[in-house]
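K.L.:
If you scroll down you'll find the structure; I have some questions about it.
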Amino acid sequence: MTNHWIDIKNSDCVLIMGSNPAENHPISFKWVLKAQEKGATVIHIDPRFTRTSAKADFHAALRPGSDIAILGGLMKYIIENKKYFNDYVINYTNASYLVSKDFKFNDGLFSGLNEEKDNYDKSSWQFQTTSDGVPKQDTSLTNPNCVFQILKKHYSRYTLKNVSSASGLSTQELTKLYSIYSATGTAKKAGTIMYAMGWTQHSVGVQNIRAMAMVQLLLGNMGVAGGGVNALRGECNVQGSTDQALLFHILPGYLKTPLAGQDTLEQHNKVNTPVSNDPKSANWWKNYPKYSASLLKAMYSNLTPEEGYQMLPRIDSYKASEYSWLPLWDRMYDGKFEGALIWGMNPACSGADTHKVRKALTELDWMVNVNIFQCETSDFWKGPGMDPSKIKTETFFIPCASAIEKEGTIANSGRWIQWRYAGPEPLNGLLTDGHYFHELWEEVAKLYEEEGGVHAKPITELSFDNMVTDGHFDPRKTARLLNGWFMKDTVINGKQYYKGHQVPSFALLQDDGSTCSGNWLYCNMYTDSGNQSMSRDLTQTPEQANIGLYPKWTWCWPVNRRILYNRASVNLDGVPYNPKKAVISWTGDSWAGDVPDGGSAPGTINPFIMRTHGVGQLYGPGLADGPLPEYYEPLETPLKKHPFSNQLSSPLAFHFQDEEKAVADPRFPYIGTTYRVTEHWQTGSMTRWEPWLVELEPQMFAEISPALAEKIGVKNGEKVTLESLRGKVWAVAMVTERIKDFKIDGNEYHMIGLPWHYGWLTPDDGGDSANILTAGIGDPNTGIPEYKAFMLNARKWQEGEI
Amino acid sequence: MQGKTFFIDMTKCTACRGCQVSCKQWKNLPAVKTKNWGSHQNPPSLTPVTFKLVRFNEVNKDGKIRWNFMPEQCRHCVEPSCKLIMNMYVPNSVEHDAKTGAVLYTDKTATIDLEPWEMCPYNVPRRDEKTGVWSKCNMCIDRVQNGMKPACVTSCAMGVMQFGDREEMLAIAYERLAEVRKKHKDAFIADPDDVRVLFLGIGDPADYYEYLSADTAGL
Ligand code: SF4
Ligand code: SF4
């Protein structure tokens, strides 16, 4: 989230799209209701009418996967009706930047697509620059090559009629949505977006979010109270795991995983340190070398940063087709892994194309699953269709302490790092994940030392002791390491700092190995005055109280800034656009309110300091699949033809060539989509053991419309068989008017909604995972699977069929 | 007539069912073996071990869908007919706590052979098949007597449920009613003079549940 949970209450219009917060982020919804009580309009655009829709002022059902059509239409509406926030767009976005004359967009494809149609050469997407590398601008926004005009032209095709035929929303519903939301394009009003996996889990997941970020920039909704782009993180610590880089392409603090060819730290830094000659650009990533060196010193304290860099593995590319989730399982399926540590997850239910995942596990020689409870992954060898006598995989299950039985930090969606103290003692002397990691490292390091091996140093040289006290994993020490300390006595800007003292803020991190920091973004959390994540101080200034900032309640990255890009909430003189909900304001010699994005005087630096040029990117030349979001059909779709271009689906979407897709396939006529409910958690591996929760949602179900029920001859409460190209499952039909049929170009399409919480292990007669049906298709930037839109058949269940 | 009262603002209820689970947790009541019967509402009705049940009801008003949620429980009636009737069969089988107004069932109810609706206008009490004992919500009397709020109230993150002195709750309820009526003219509080559980809703009470209001239930 650029903003935080409490801040939702400051909004004048809460757009909920791609999420279902009342069910899946229940606590967030209390702030939605508070906004609504104060007069905000709550809009829910979602394929289904959910418990969120029940509280919204306005709900409209879109066909799964048609979000960009709707958002593109919104941008067209904003531009053509001049609803954008003019000053903001000119001063704080790249609307005025001139794009290369070679940039083209033609019938669904951007310029630069290679012959295999699987990669873009992005050179024609770049900006025209002056001789010192600063992008050329036309602040009148009239040059046909300026971003604003390109945007205008691109989305001119997103007419109400076209968007309606893509999404299934009527033109009246679209106009209503557009007029309500675009009314936030004034200084005095803020609109916010709450999204989650309903946007990310598509072959165009990243572009879905980009499209909304662009809307927010056009309307001047970034950096303001009650605005922002707000990703609702579903796992309680998924923000923390992203910050700490539980992903293939990044290191902690969003540093980049080294690529093959970046042979020295200097080379690696050079590629990842942007340069700007614009005096108004703070270009914060210019500090990259300080953060990479400090991370390396945290990991390899006894080595120089350069030596430490040589310990890190390199990957061949950041392409999602190489190292992300789907190719990993594909490789395991092909027998290319010997063993796997599967930690705190249950891929035998959560992975797309679950049959393939379960089969892949049988190709391993050994598998260790660490979890609170046994699950379909730990017990895969005795699951349906498995013959234990024929499975070679030696399987270990290691139970561990649960989150409430141990202490440590937890990062919430609003980037607040909160200390949690341990509750009850773990049962039967179970130990924590941290403990197991340490023990595992000790064993492996010992083996390397005793027996030697190829490239042993990355393990043996690791400074694990930075996180250990008396032989045990120590979360408090680890929190100190995240912040980092001085490795030696150092003088910075004339001030003396001493070895072993905590670094007060990331502005003081150094690139010469004199500081360490496990995650530069967390630097300032644990200073010599203590662990700020433990702070529970409710005091605030009247300005802060006015928007519910609570700056002393825990700590928030970066440097306790509660609302990101907050310099965009004030004009060039430092005066808040909306004084009634000021985030920061210039008092004449300093800033009041939140911690500003850079403390210098108003108008001296551009507000989006993490961007090279310091402005919001209406046009973004960096993504794999285009500088502007374009509406594409999901890779499995009921439509033969894109409603308004000749390019049906994303040319770059990740998929396996040899895996068939259902495209306008009469065998699989129904649209499938998956989701979660309040009562269960993810694959249900924790909640399905809890009788009170199973009582509430006992069995796999399928929400279908009355028309579809009639068509397939199924009554409410009867079982249906659902089948995709990947497999089949049964579900209890819930026939409800909350599920709508989509009328598109005179044809009617039915949708089937499925929770993915179930699994064969428990409860008895609970059903199996909806992911047996989902496909191994993913976003080209991240690899996230397209869980939200795929094609199915449905019929009445026959005894003994599954 | 002081005592305690619940205020339940259903306009804010998201049917998260935290209240339903926390009731079972505080009272250590077992789960009922359920199956999906075509509704999220489970168990389908109150049971001898389910004193709080979130009801889900879909209504289609001229093509506009409403999904109503009602966290149902015993209303702790001001003049409880269950007490009147059951005590006629077995004296003192039902007690009425003078301080709080909580209506409390005892094991003496075991021999009373009636249908729930014969003694309760809200169809609340349930009978254990084996022991014959009748049961229902007891206002978390153990908590309330120790200065705490009922378990369900403390679990509600949406601020649907409040619990306190009757006059205060009535004042809050009517203030909220006036507020909701600005947007929804048909907002109502069900049977406010008769019950210690003030349900605030929108539209027709029967669109939540036929027994939400004794009036609409035709009793
Ligand atoms: S806890 Fe509150 S919001 Fe949740 S179901 Fe109960 S009354 Fe409704
Ligand atoms: S609601 Fe029914 S059970 Fe509860 S006190 Fe009133 S009459 Fe008795």
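K.L.:
Of the residues that make up the range B:201-211, is at least one in the same structural domain as B:Ser22 (by TED's automatic domain parsing), within 16 Å of ligand 1 (Cβ to nearest atom) and assigned to a helix (DSSP H, G or I)?
P.N.:
No, the conditions are met nowhere in the range B:201-211.
K.L.:
Taking the range A:249-265 only, how many residues are more than 24 Å from the chain's Cα centre (by Cα) and either surrounded by 13 or more Cβ atoms within 10 Å (Cβ to Cβ) or hydrophobic (A, V, I, L, M, F, W, C) (or both)?
P.N.:
The first filter runs over the range A:249-265 and keeps only residues more than 24 Å from the chain's Cα centre (by Cα), leaving A:260-265.
Right, trim to either surrounded by 13 or more Cβ atoms within 10 Å (Cβ to Cβ) or hydrophobic (A, V, I, L, M, F, W, C) (or both) and you get A:260, A:262, A:265.
Qualifying residue count for the region: 3.
K.L.:
If I filter the range A:519-552 down to residues being outside any loop (DSSP other than H, G, I, E, B) and aliphatic (A, V, I, L, M), which single residue comes out as surrounded by the fewest Cβ atoms within 10 Å (Cβ to Cβ)? Before the answer, list the steps.
P.N.:
Filtering the range A:519-552 down to residues outside any loop (DSSP other than H, G, I, E, B) leaves A:520-522, A:526-527, A:530-534, A:536, A:542-546.
Then keep just the ones that are aliphatic (A, V, I, L, M); that gives A:521, A:534, A:545.
Working: A:Leu521: 22, A:Met534: 17, A:Ala545: 12.
Within the range A:519-552, the match that is surrounded by the fewest Cβ atoms within 10 Å (Cβ to Cβ) is A:Ala545.
K.L.:
Going through the range A:263-310 one residue at a time, which ones are closer than 24 Å to A:Ala456 by Cα and either part of a loop (DSSP other than H, G, I, E, B) or among the β-branched types (Val, Ile, Thr) (or both)?
P.N.:
The answer is A:Asp263, A:Thr264, A:Tyr300, A:Ser301, A:Asn302, A:Leu303, A:Thr304, A:Gln310.
K.L.:
Residue by residue through the range B:174-219, note down the ones that are within 15 Å of B:Ser81 (Cα to Cα) and in contact with a strand residue (DSSP E or B) (Cβ under 6 Å, 6 or more places away or on another chain).
P.N.:
If the condition is that a residue be within 15 Å of B:Ser81 (Cα to Cα) and in contact with a strand residue (DSSP E or B) (Cβ under 6 Å, 6 or more places away or on another chain), then B:Arg196 is the only one that fits.
K.L.:
What strands (runs of 3 or more DSSP E) lie completely within the range B:27-130 and have 1 or more residues being within 11 Å of ligand 2 (Cβ to nearest atom) and not small (Gly, Ala, Ser)? Spell out the reasoning first.
P.N.:
Values: elements: B:53-61, B:64-72, B:94-96, B:103-105.
Hits in the range B:27-130: B:64-72, B:94-96, B:103-105.
K.L.:
For the range A:694-738, what are the residues that are out of contact with any Lys or Arg (no Cβ under 9 Å at 6 or more places or on another chain), hydrophobic (A, V, I, L, M, F, W, C) and surrounded by fewer than 22 Cβ atoms within 10 Å (Cβ to Cβ)?
P.N.:
Listed by number, the residues that qualify are A:Ala707, A:Met734.
K.L.:
List the strands (runs of 3 or more DSSP E) that sit entirely inside the range A:656-773 and contain at least 2 residues that are out of contact with any Asp or Glu (no Cβ under 9 Å at 6 or more places or on another chain) and either facing chain B (nearest Cβ under 9 Å) or farther than 22 Å from A:Ala54 by Cα (or both). Walk me through how you get there before you give the answer.
P.N.:
Working: elements: A:670-675, A:701-704, A:719-723, A:728-735, A:742-744, A:747-749, A:751-755.
Where strands (runs of 3 or more DSSP E) fall fully within the range A:656-773 and carry at least 2 residues being out of contact with any Asp or Glu (no Cβ under 9 Å at 6 or more places or on another chain) and either facing chain B (nearest Cβ under 9 Å) or farther than 22 Å from A:Ala54 by Cα (or both), they are A:719-723, A:742-744.
K.L.:
Sticking with this structure for a sec: Yes or no: the range B:152-161 includes at least one residue that is part of a loop (DSSP other than H, G, I, E, B), surrounded by 14 or more Cβ atoms within 10 Å (Cβ to Cβ), more than 15 Å from ligand 1 (Cβ to nearest atom) and not polar (S, T, N, Q).
P.N.:
No, the range B:152-161 has no match at all.
K.L.:
Could I ask something else about it? How about the range A:374-492: which strands (runs of 3 or more DSSP E) wholly inside it have at least 2 residues that are under 27 Å from A:Asp528 (Cβ atoms)? So that I can check it myself, show each step before the final result.
P.N.:
Values: elements: A:394-399, A:408-411, A:416-420, A:490-492.
Per the criteria, A:408-411, A:416-420, A:490-492.
K.L.:
Could you please find all residues in the range A:1-27 being among the polar types (S, T, N, Q) and either out of contact with any Ser or Thr (no Cβ under 9 Å at 6 or more places or on another chain) or at pLDDT below 95 (or both)?
P.N.:
Selection gives A:Thr2 alone.
K.L.:
In the range B:1-26, how many are farther than 26 Å from B:Asp191 by Cβ, touching a Phe, Trp or Tyr at 6+ places or on another chain (Cβ under 8 Å) and more than 11 Å from ligand 1 (Cβ to nearest atom)?
P.N.:
Of the residues in the range B:1-26, 2 are farther than 26 Å from B:Asp191 by Cβ, touching a Phe, Trp or Tyr at 6+ places or on another chain (Cβ under 8 Å) and more than 11 Å from ligand 1 (Cβ to nearest atom).
K.L.:
Pick out the one residue from A:Ile150, A:Ile180 that is out of contact with any helix residue (DSSP H, G or I) (no Cβ under 9 Å at 6 or more places or on another chain), of a type in the set (A, V, I, L, M, F, W, C), within 23 Å of A:Val224 (Cα to Cα) and modelled with pLDDT of 95 or more.
P.N.:
Values: A:Ile150 fails: within 23 Å of A:Val224 (Cα to Cα).
Exactly one residue qualifies, and that residue is A:Ile180.
K.L.:
I'd like the full set of residues that are hydroxyl-bearing (Ser, Thr, Tyr) and surrounded by 17 or more Cβ atoms within 10 Å (Cβ to Cβ), limited to the range A:553-590. I'd like the intermediate steps shown before the answer.
P.N.:
At the first step, the residues of the range A:553-590 found to be hydroxyl-bearing (Ser, Thr, Tyr) are A:554, A:565, A:569, A:577, A:585, A:587, A:590.
Of everything in the range A:553-590, those that are hydroxyl-bearing (Ser, Thr, Tyr) and surrounded by 17 or more Cβ atoms within 10 Å (Cβ to Cβ) turn out to be A:Thr554, A:Tyr565, A:Ser569, A:Tyr577, A:Ser585.
K.L.:
Right, something else. Kindly indicate which of A:Gln137, A:Gln172, A:Gln207, A:Gln201 is farther than 22 Å from A:Gly39 by Cα and without any contact (Cβ under 8 Å) to a residue 24 or more places away in the chain.
P.N.:
Numbers: A:Gln137 fails: without any contact (Cβ under 8 Å) to a residue 24 or more places away in the chain; A:Gln207 fails: without any contact (Cβ under 8 Å) to a residue 24 or more places away in the chain; A:Gln201 fails: without any contact (Cβ under 8 Å) to a residue 24 or more places away in the chain.
Only one candidate passes the filter, namely A:Gln172.
K.L.:
While we're here: So, in the range A:112-151, exactly how many residues are of a type in the set (Phe, Trp, Tyr) and in a loop (DSSP other than H, G, I, E, B)? Explain how you work it out, then say what you get.
P.N.:
So in the range A:112-151, the residues of a type in the set (Phe, Trp, Tyr) come out as A:120, A:125, A:127, A:148.
Subsequent filtering for residues that are in a loop (DSSP other than H, G, I, E, B) retains none.
Within the range A:112-151, residues that are of a type in the set (Phe, Trp, Tyr) and in a loop (DSSP other than H, G, I, E, B) number 0.
K.L.:
Additional query: Do we find that A:Asp365 is closer than 24 Å to A:Ala653 by Cα, surrounded by fewer than 17 Cβ atoms within 10 Å (Cβ to Cβ) and either aromatic (Phe, Trp, Tyr) or at pLDDT 95 or above (or both) in this structure? Can you show your working first?
P.N.:
Numbers: closer than 24 Å to A:Ala653 by Cα: no; surrounded by fewer than 17 Cβ atoms within 10 Å (Cβ to Cβ): yes; either aromatic (Phe, Trp, Tyr) or at pLDDT 95 or above (or both): yes.
Against the criterion (closer than 24 Å to A:Ala653 by Cα, surrounded by fewer than 17 Cβ atoms within 10 Å (Cβ to Cβ) and either aromatic (Phe, Trp, Tyr) or at pLDDT 95 or above (or both)), A:Asp365 does not qualify.
The values are calculated or read from the model by the stated rules, or taken from the named source; none is laboratory data. Please read these numbers as outputs of a predicted model, since none were measured by experiment. Every residue, glycine as well, gets a Cβ built from its backbone with ideal geometry; the counts of neighbours run over all protein chains shown.
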